[in-house]
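Remarks on the structure that follows.
The values are calculated or read from the model by the stated rules, or taken from the named source; none is laboratory data. All figures in this text were calculated on a predicted structure; none of them were measured in a lab. Here the Cβ positions follow ideal geometry from the backbone for every residue, glycine too, while neighbour counts run over all protein chains shown.
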Amino acid sequence: MAYIMLTLLIGMVLGVISVASNPSPYFAALGLVLVAGVGCVVLMGHGGSFLSLVLFLIYLGGMLVVFAYCAALAAEPYPEAWGEWSVLGSVLGYLLLVVGAGSWFWGGWYEGMWVPVDELIEFSVVVADSGGVALMYSLGGGLLVVSAWVLLLTLLVVLELTRGLARGALRAV
Amino acid sequence: MTPTHFTISSAFLLGMMGLAFHRTHLLSALLCLEAMMLALFIALSLWSLQLDATGCSTAPMLMLAFSACEASAGLALLVATARTHGTGHMQALNLLQC
């Protein structure tokens, strides 16, 4: 299990490096999908299956799909992938940085610190992370109303930004 | 620093460096911002899972909602930039250049 978690954490860092190294946005979105997928499996390894499901549905299935559609705005005849020297140089630089920073810490890493042992301390009816999220509807109702208001406000913001006809941020059309 | 803590910290910092340094396209800067938000979500979730503090699991959910708002505002700005300047490249945003 520790080796699985090691592989997943390395996969997460490699995915973020693949986004941060400035490839064409098509490939950066692909790298972000990889990071989200691996991050979900990390969360599942710690016992948070509901939060992992929410991340997959909302983040990958909602937000990243919209990013993928907007990648049509970045269409160019020769998109740069990670084989181009400019991107590969950034990848190697970031890898060196992460390995260098990790070399400070990995002297103190031992076998037992990769996954928590006690996912189920006692017998319980309610799953830990789902039960915690249910608090959002009972005690945390105020913040739920606030975030619903913020989401409605964001819809109005987006509609106003893309209004066009010399009002808002669009000038040419 | 535990390996998990190191991983999510370095994911956040790498995303921030990717956002700050030389970019060609505005969309790839927005994707680095999304990578930062993802690292924060995983960090908050792991916090609540590792401390067995189930009440803290509302924090990543609300953070995801606000990060969706921010992503949509950023994409609306990208669309407005592309339709005003004709391209989404960062070089086109040079009105305030000295």
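Residue pairs, Cβ under 6 Å, 6 or more apart or interchain, first in the stretch A:151-172 and over 16 Å from B:Thr81 (Cβ atoms) and at pLDDT 80 or above, second surrounded by 16 or more Cβ atoms within 10 Å (Cβ to Cβ) and polar (S, T, N, Q). List them.
A:Thr154/B:Ser72
Go through the residues of the stretch B:82-89 one by one and say whether even a single one is without any contact (Cβ under 8 Å) to a residue 24 or more places away in the chain, under 20 Å from the mean Cα position of the chain (by Cα) and assigned to a helix (DSSP H, G or I).
Checked against the condition, which is being without any contact (Cβ under 8 Å) to a residue 24 or more places away in the chain, under 20 Å from the mean Cα position of the chain (by Cα) and assigned to a helix (DSSP H, G or I), the stretch B:82-89 yields no hits at all.
Looking at this structure, is A:Ser124 modelled with pLDDT under 90 and either more than 9 Å from every other protein chain (Cβ to nearest Cβ) or touching a strand residue (DSSP E or B) at 6+ places or on another chain (Cβ under 8 Å) (or both)? Working first, answer last.
Working: modelled with pLDDT under 90: yes; either more than 9 Å from every other protein chain (Cβ to nearest Cβ) or touching a strand residue (DSSP E or B) at 6+ places or on another chain (Cβ under 8 Å) (or both): yes.
Judged against the criteria, A:Ser124 is a match.
Working only within the stretch A:19-63, note down all residues that are under 13 Å from the mean Cα position of the chain (by Cα), more than 7 Å from every other protein chain (Cβ to nearest Cβ) and among the hydroxyl-bearing types (Ser, Thr, Tyr).
Once the filter is applied, which keeps residues that are under 13 Å from the mean Cα position of the chain (by Cα), more than 7 Å from every other protein chain (Cβ to nearest Cβ) and among the hydroxyl-bearing types (Ser, Thr, Tyr), the stretch A:19-63 yields only A:Ser52.
With the condition kept exactly as written, say whether any residue in the stretch A:6-29 is in contact (Cβ under 8 Å) with a residue 60 or more places away in the chain, surrounded by fewer than 16 Cβ atoms within 10 Å (Cβ to Cβ) and of a type in the set (A, V, I, L, M).
Scanning the stretch A:6-29 turns up at least one residue that is in contact (Cβ under 8 Å) with a residue 60 or more places away in the chain, surrounded by fewer than 16 Cβ atoms within 10 Å (Cβ to Cβ) and of a type in the set (A, V, I, L, M).
Quick one: is A:Leu73 in a helix (DSSP H, G or I), more than 18 Å from the chain's Cα centre (by Cα) and under 20 Å from B:Ala76 (Cβ atoms)?
Values: in a helix (DSSP H, G or I): yes; more than 18 Å from the chain's Cα centre (by Cα): yes; under 20 Å from B:Ala76 (Cβ atoms): yes.
Yes, satisfied.
In the stretch B:27-49, is there at least one residue being charged (D, E, K, R), over 13 Å from A:Val16 (Cβ atoms) and within 18 Å of the chain's Cα centre (by Cα)? Don't jump to the end; show me each part of the working.
Applying the first criterion (charged (D, E, K, R)) to the stretch B:27-49 yields B:34.
From the residues that got through so far, the ones that are over 13 Å from A:Val16 (Cβ atoms) too are none.
No: zero hits.
Go through A:Leu55, A:Leu92 for me and flag whichever is among the hydrophobic types (A, V, I, L, M, F, W, C) and surrounded by 14 or more Cβ atoms within 10 Å (Cβ to Cβ). It would help to see each step written out before you state the result.
On the way: A:Leu92 fails: surrounded by 14 or more Cβ atoms within 10 Å (Cβ to Cβ).
After applying the criteria, what remains is A:Leu55.
If I filter the stretch B:74-86 down to residues being β-branched (Val, Ile, Thr) and under 19 Å from B:Leu19 (Cα atoms), which single residue comes out as surrounded by the fewest Cβ atoms within 10 Å (Cβ to Cβ)?
Within the stretch B:74-86, the match that is surrounded by the fewest Cβ atoms within 10 Å (Cβ to Cβ) is B:Val79.
Is there any pair linking a residue in the stretch B:53-70 that is more than 15 Å from A:Val127 (Cβ to Cβ) to one that is of a type in the set (D, E, K, R), with Cβ under 8 Å and at least six apart or on different chains, and which?
What qualifies is B:Ser67/B:Glu34.
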